[in-house]
Amino acid sequence: MVIMDLTIPGGMGGRETLQRLAELDPAVKAIVCSGYSNDPVMAEYGSYGFAGVVAKPYRIRHLVETVSRVIAAKRLGKESGANALGQ
């Protein structure tokens, strides 16, 4: 499992990083996090290959819940739909 920021100023962002990780391990599970809640990736994270999403600033409880759902979904062989958008 990988937890990554969506936007890295001057660096490789989450979408490109996930594409490269998937080339190495097609079964990679990634959770995207960002403070840009209006970004389309945050709203439709599954469409971009992410297994979960956590909006910043987040509470550790939200992160733990999202990680737990992604792990449980992987064990069951299902897509997680794991999100913690603070709602």
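What to note about this one:
- Residue-normalised accessible area of the chain, given per residue in Å² at a 1.4 Å probe: 64
- Counted without the sites themselves, the longest stretch of the chain free of trypsin sites (Lys or Arg not before Pro) in a DSSP loop having at most 12 other beta carbon atoms within 10 Å is 1-58.
- P(r) tail fraction, region 4-53 - alpha-carbon pairs more than 19 Å apart, %: 18
- Gain on full stretching of the segment that runs from residue 2 to residue 72 - 0.36 nm per residue minus C-alpha separation: 23.7 nm
- Solvent-accessible area of the chain (1.4 angstrom probe, protein heavy atoms only): carbon and sulfur portion equals 52 percent.
- For the chain, a crude dipole built from +1 on the beta carbon of Lys and Arg and -1 on the beta carbon of Asp and Glu, taken about the Cα centre, is about 360 debye to the nearest 20.
- Under 5 Å between amide hydrogens, built in the peptide plane, is the criterion, and for residue 5 it picks out 33 among residues at least 5 positions away or on other chains.
The values are calculated or read from the model by the stated rules, or taken from the named source; none is laboratory data. Owing to the predicted nature of the structure, the values given are computational and were not obtained by experimental measurement. Counting neighbours? That spans all protein chains shown, and the Cβs are built from the backbone with ideal geometry, glycine included. With ligands, DNA and RNA removed, areas are computed over all heavy atoms of the protein, side chains included. Shrake-Rupley method; radii C 1.70, N 1.55, O 1.52, S 1.80 Å.
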